[in-house]
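Enquirer: Shown below is the structure under consideration.
The values are calculated or read from the model by the stated rules, or taken from the named source; none is laboratory data. This structure is a prediction, so every number in the text was calculated from the model and none was measured. Ideal geometry is used to build each Cβ from the backbone, glycine not excepted, and the neighbour counts take in all protein chains shown. Note: accessible area is taken over every heavy atom of the protein model, side chains too, but ligands, DNA and RNA are not part of it. Shrake-Rupley method; radii C 1.70, N 1.55, O 1.52, S 1.80 Å.
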Amino acid sequence: MEARVKWVEDLSFVGESSSGHQVMMDGNSGDKAPSPMEMVLIAAGGCSAIDVVSILRKGRHQVTDCEVKLTSKRREEAPRLFTDINLHFIVSGKALTDKIVERAVQLSAEKYCSVSLMLGKAANITHSFEIKDPE
């Protein structure tokens, strides 16, 4: 995997993935785009959500919605690493039970989510979930 980051102006940069997709980043406290640390947090949520939805679908469960709300704490001094991250999943679907969703979240956390597993080397990562009735 390769990527490239190009300076645009001030502290704004464009990142380009090897698949050709671009994303804007801003080192000025997220003034014009997400900061790199915000992108890392978003990546953890995206990676985990993809896992949870995939696991539920492979189990032939009818998942209709999945959202991950992430909260985090960072060190006050440089380097401002994440110290704590919580991923809270809000999952909707037909006939989903706590046991089914908990297993999907646990598999993502312990086996599949590369981003969370990597971040877990430096931060305390926790997971929680709730099941909402489909609307």
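Enquirer: Working only within region 1-43, note down all residues that are touching a Gly at 6+ places or on another chain (Cβ under 7 Å) and of a type in the set (V, I, T).
Expert: V5, V23
Enquirer: Is it the case that region 78-87 has a residue that's open to solvent by 40 Å² or more (accessible area, probe 1.4 Å), over 30 Å from V8 (Cα atoms) and not hydroxyl-bearing (S, T, Y)?
Expert: First, the residues of region 78-87 that are open to solvent by 40 Å² or more (accessible area, probe 1.4 Å): 78-81, 83-84.
Filter once more, so that each one left must be over 30 Å from V8 (Cα atoms): 83-84.
Subset that is not hydroxyl-bearing (S, T, Y): 84.
Within region 78-87, one or more residues are open to solvent by 40 Å² or more (accessible area, probe 1.4 Å), over 30 Å from V8 (Cα atoms) and not hydroxyl-bearing (S, T, Y).
Enquirer: Test of understanding: among T71, T64, which residue is in contact with a Ser or Thr (Cβ under 7 Å, 6 or more places away or on another chain), open to solvent by 80 Å² or more (accessible area, probe 1.4 Å), modelled with pLDDT of 95 or more and assigned by the TED database to the domain that holds L117?
Expert: T64
Enquirer: Would you mention how many residues in region 14-50 are surrounded by 12 or more Cβ atoms within 10 Å (Cβ to Cβ), among the hydroxyl-bearing types (S, T, Y) and within 18 Å of S114 (Cβ to Cβ)?
Expert: The qualifying residues number 2.
Enquirer: What's the number of the condition F82 fails, among (1) outside the structural domain of K111 (by the TED database); (2) modelled with pLDDT of 95 or more?
Expert: Answer for F82: the failing condition is (1).
Enquirer: If you check L11 against the conditions, is it over 21 Å from L119 (Cβ atoms) and of a type outside the set (S, T, Y)?
Expert: yes
Enquirer: Follow-up question, since we're still on this one. Name the one entry in K58, K32, K69 that is of a type in the set (K, R) and farther than 30 Å from E135 by Cβ.
Expert: Numbers: K58 fails: farther than 30 Å from E135 by Cβ; K69 fails: farther than 30 Å from E135 by Cβ.
Residue meeting the stated conditions: K32.
Enquirer: Of all residues being touching a residue at least 60 places away in the same chain (Cβ under 8 Å) and hydroxyl-bearing (S, T, Y) in region 102-135, which is most open to solvent (accessible area, probe 1.4 Å)? Just the residue, please.
Expert: Among residues in region 102-135 that are touching a residue at least 60 places away in the same chain (Cβ under 8 Å) and hydroxyl-bearing (S, T, Y), the one most open to solvent (accessible area, probe 1.4 Å) is Y112.
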